[in-house]
Amino acid sequence: MNGIVPADAAAPLALYIHWPFCVSKCPYCDFNSHVRDRVDQDAWRGALLTDLAYEASVAPRRPLTSIFFGGGTPSLMPPATVAALLTAAGRHWGFAPGIEVTLEANPSSVEAARFADLAAAGINRVSLGLQALDDDALRFLGRAHGVAEGLAALDVAQRTFARVSFDLIYARPDQSEEAWRAELDRALGFGTGHLSLYQLTIEPGTRFATMAARGELAAVDPDHAATLFELTREMTAAAGLPAYEVSNHARPGEESRHNLTYWRYGDYLGVGPGAHGRRRGHATIRARKPENWLAGIAGQGHGISEDEALDPLTQAREALVMGLRLEEGVDWRTVAPAVDPRAVDTLSAHGLIGRTPDRLRLTPAGMLLLDAILGEIAA
């Protein structure tokens with residue numbers, strides 16, 4: 001692995017399973033062509049198991065530390081499919097003690113009604129897309145659920161799963177510091193061990209980008225966004241859920257093990273349409289369109305459309321981009337080939353970055369400027 005990705009038996013190994021189908025259009029992604037009223041569940045279960053088996057034939061042979069079901073609306077996967085995939089994954093790799101098995105879910109009553117069956121199938125952690133605790137904001141964000149339905153789903157999740165996380169989007173248009181303080185205080189009061197708190201961004205290809213182009217949506221003032229970012233960190237730390245990544249906050253021990261594998265640049269395997277993976281120095285991408293992915297399964301026994309061997313410099317750059325998101329920073333020896341040491345010295349003198357013989361990490365002030373700093377220090 002060219003010294004970049006750990007390969008010892010104790011190193012984390014994560015599995016991501018992508019379920020591409022949505023039940024309604026989403027303003028955040030361009031998977032809207034994947035909206036389906038009906039899915040041939042037997043065919044899809046068989047195809048996913050085939051893709052999984054191929055990955056097992058080429059992937060590291062060590063126990064899985066986490067599995068994540070994500071994508072369109074994975075909480076509408078039949079529990080039998082979830083159970084079959086988990087059984088197969090256990091047979092192929094085995095499970096590390098305390099394996100984390102996460103399911104992404106929309107906070108709707110329809111999906112909450114399935115939580116008990118999904119828990120019985122092996123899910124032990126759920127990540128709910130609440131996104132806001134304000135009905136007007138949810139309508140603006142294009143969400144189908146309201147606050148009452150979302151909180152009812154959260155209640156069911158907390159009674160069903162050992163670990164629960166939910167996300168909120170802040171720095172919304174016209175959101176004041178006082179309004180965000182009240183919303184975040186309410187969120188912290190629900191007692192989950194993990195929160196993902198993202199600032200609203202205008203991504204190309206989304207409804208928000210179209211609104212911005214028409215002059216209907218303006219980006220939040222950067223100074224105001226910085227104030228909300230600092231407030232978020234102060235409040236979550238005071239509540240016992242300090243930031244461990246730029247947008248993620250958890251009680252000690254309840255960090256997302258799966259996402260930590262990404263951010264620490266460990267091996268992760270991607271299965272299903274559009275899934276990405278990193279294993280043994282290779283970047284893999286599955287065909288994105290469900291029909292193309294199925295054709296790959298039928299023709300070659302897997303859905304991979306791209307499999308690229310990454311050179312050591314590319315691996316170092318990827319490790320830098322991922323690792324600097326973390327409060328713990330990144331191993332200096334891993335990223336040194338991708339870093340301009342003079343830029344690090346300059347930023348260190350300005351109190352934006354810290355460097356020890358072993359680690360490179362951003363200071364709290366530097367975390368506000370993450371993207372700009374990455375541009376400065378990349379060799």
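The values are calculated or read from the model by the stated rules, or taken from the named source; none is laboratory data. On a predicted model such as this, the values are computed, not experimentally measured, just so you know. Here the Cβ is made from the backbone with ideal geometry for all residues, glycine too, and neighbour counts use every protein chain on show.
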Can you pull out the residues in the stretch 349-379 that are in contact with a strand residue (DSSP E or B) (Cβ under 6 Å, 6 or more places away or on another chain), modelled with pLDDT of 95 or more and more than 20 Å from Y244 (Cα to Cα)?
-> I377
Report whether or not A343 is part of a helix (DSSP H, G or I), under 27 Å from L231 (Cα atoms), modelled with pLDDT of 95 or more and not assigned by TED's automatic domain parsing to the domain that holds T232.
-> no
Being among the acidic types (D, E), at pLDDT 95 or above and either buried (at least 18 other Cβ atoms within 10 Å of the Cβ) or touching a Phe, Trp or Tyr at 6+ places or on another chain (Cβ under 8 Å) (or both) narrows E255, E230, E203 down to just E255
Picked from the stretch 348-369 (must be in contact (Cβ under 8 Å) with a residue 60 or more places away in the chain and hydrophobic (A, V, I, L, M, F, W, C)), the residue surrounded by the fewest Cβ atoms within 10 Å (Cβ to Cβ) is L368
Filter the stretch 242-274 for residues that are acidic (D, E) and within 27 Å of E308 (Cβ to Cβ); the one that is nearest to the chain's Cα centre (by Cα) is E245
Determine, yes or no, whether T284 is part of a helix (DSSP H, G or I), at pLDDT 95 or above and of a type in the set (S, T, Y).
-> no
Test set (1) in contact with a Pro (Cβ under 8 Å, 6 or more places away or on another chain); (2) loosely packed, with under 14 Cβ neighbours inside 10 Å - G274 fails condition number | (2)
Please go through the stretch 159-184 and pick out each residue that is more than 27 Å from P222 (Cα to Cα) and in a helix (DSSP H, G or I).
-> R159, T160
